Amino acid sequence: MNSSLPTKSSSNAPRFTAKDIAVMAMMLAIVEAAKRLLDSVPNVEMVTLLFVVFVLTYGLRTLIVALAFIAVEICYWGVHVWVIMYLYVWPLLILIAYKMGREHPPWAYAILTGFYGLFFGLLCSPVYLFMGGFNTAFSWWVAGIPYDILHGISNFILCIALFKPLMFAADKAFSFIRNAR
């Protein structure tokens, strides 16, 4: 697994090869396609699972993909409070999955994605804490609990069903990419 962001040159700017940029663009396209595919199904998404798979196979460069994903979502949906939430929710997931590493069985990642969906509203509520205080944040979170339950269950089921095939495909793809000239 690629364990860190790109090395820094003398100008302290991260160095990405053309291959890195192409790979991250493909990862972004996959995440966006999966997101659009399931847009009509409330609180069912594959973004969580894909970010977990990508960080386990491509490392922390997945953080760049998450930021690009947020930028594309802003272009698609416009700016709203969810932008602030996404700026910490997706990188947090990526860092947790990165810290877990690849040595766990698939059900461990299913639990991670399930709990992430279950507590997604709670993770997003601090934005409302700053906007309207504790009562606003708490009532926003509680009102969304039924949706978070659906989100958690669907994340868990998707991960149980798709984690192994997606990891297999990602490993093959990244192995091919690493060996390509």
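I'd like to know if the range 53-62 contains one or more residues that are hydroxyl-bearing (Ser, Thr, Tyr), closer than 17 Å to Gly117 by Cβ, at pLDDT 95 or above and buried (at least 18 other Cβ atoms within 10 Å of the Cβ). Checking the range 53-62: not a single residue is hydroxyl-bearing (Ser, Thr, Tyr), closer than 17 Å to Gly117 by Cβ, at pLDDT 95 or above and buried (at least 18 other Cβ atoms within 10 Å of the Cβ).
Annotation for the range 68-83: at least one member residue is of a type in the set (A, V, I, L, M, F, W, C), assigned to a helix (DSSP H, G or I), under 20 Å from Ala137 (Cβ atoms) and in contact (Cβ under 8 Å) with a residue 24 or more places away in the chain. Residues in the range 105-126 that are surrounded by fewer than 14 Cβ atoms within 10 Å (Cβ to Cβ) and not in a helix (DSSP H, G or I): how many? Residues that pass the stated criteria total 1. The set of residues from the range 13-72 being over 12 Å from the mean Cα position of the chain (by Cα), closer than 17 Å to Ala169 by Cβ and polar (S, T, N, Q) comprises just one member, Thr57.
In the set (1) closer than 27 Å to Ile111 by Cβ; (2) hydroxyl-bearing (Ser, Thr, Tyr); (3) surrounded by fewer than 19 Cβ atoms within 10 Å (Cβ to Cβ), the condition left unmet by Tyr76 is number (1). Note on the range 131-156: residues that are in contact (Cβ under 8 Å) with a residue 40 or more places away in the chain and either touching a Lys or Arg at 6+ places or on another chain (Cβ under 8 Å) or surrounded by 14 or more Cβ atoms within 10 Å (Cβ to Cβ) (or both) total 7.
The values are calculated or read from the model by the stated rules, or taken from the named source; none is laboratory data. Note that the structure is a prediction, hence the values are computed from the model and not measured. Cβ: placed from backbone, ideal geometry, glycine included. Neighbour counts: every protein chain shown.
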